[in-house]
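The values are calculated or read from the model by the stated rules, or taken from the named source; none is laboratory data. What you see is a predicted model; the values in this text were computed from it and never measured. Cβ sites come from the backbone with ideal geometry, for glycine too, and all protein chains shown count toward neighbours. The area values use the complete protein model at the heavy-atom level, side chains included, leaving out ligands, DNA and RNA. Shrake-Rupley method; radii C 1.70, N 1.55, O 1.52, S 1.80 Å.
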Amino acid sequence: MGSLLVGARVLLLTVFATAGVAKLLDQSGTRNGLAGFGVPQRALIVGAVLLPLAELGTAVALVPPASAQWGGVAALVLLLAFSAGIANAMRRGRAPDCHCFGQLHSAPAGRGTLLRNLALAVPAALVVLEGPGPSISAWVGDRSA
């Protein structure tokens, strides 16, 4: 189970770190993405900074075992919120560009994006329910000769 938990944490921290950095580097795209999902105009500038900072904070929290479970909670909350936003847009017949990974990857949010987020919620829930597992460095050390 330790390897599965470390793998879940590494996957999630990679996704959230990549998304957070990419969104910070593409502020206009992040604002456009948020606007496409119906975020009010007055909240776009703040949201375009706070969302990537929340993603980066989640990634950082997933690294040490002491905070990894809370990082899992944050990841799960973010992924479920993103999923709800995508499902709501789909329900209204809209497919706004998600700018999920800034300029690295931006595509209309639809069924594939929703399924990806729900699939990522599984390892997040695993970290929340099962605990953090071993530290990443200890796990790697145990596998090194």
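Can you tell me which residue among V63, V39 is touching a residue at least 24 places away in the same chain (Cβ under 8 Å) and not in a helix (DSSP H, G or I)? First the steps, then the outcome.
Working: V39 fails: touching a residue at least 24 places away in the same chain (Cβ under 8 Å).
On inspection, the qualifying residue turns out to be V63.
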Modelled with pLDDT of 95 or more, open to solvent by 20 Å² or more (accessible area, probe 1.4 Å) and among the small types (G, A, S): is that true of A87 in this structure?
no
Just one of the numbered conditions (1) open to solvent by 70 Å² or more (accessible area, probe 1.4 Å); (2) part of a loop (DSSP other than H, G, I, E, B) is not true of A95; which one?
(1)
All-but-one check, L51 against (1) under 12 Å from the mean Cα position of the chain (by Cα); (2) open to solvent by 50 Å² or more (accessible area, probe 1.4 Å), failing number (2)
Kindly provide the set of residues from the stretch 1-32 that are part of a helix (DSSP H, G or I) and open to solvent by 50 Å² or more (accessible area, probe 1.4 Å), ordered by number.
S3, L4, V10, L11, T14, T18, V21, L24, L25, S28, R31, N32
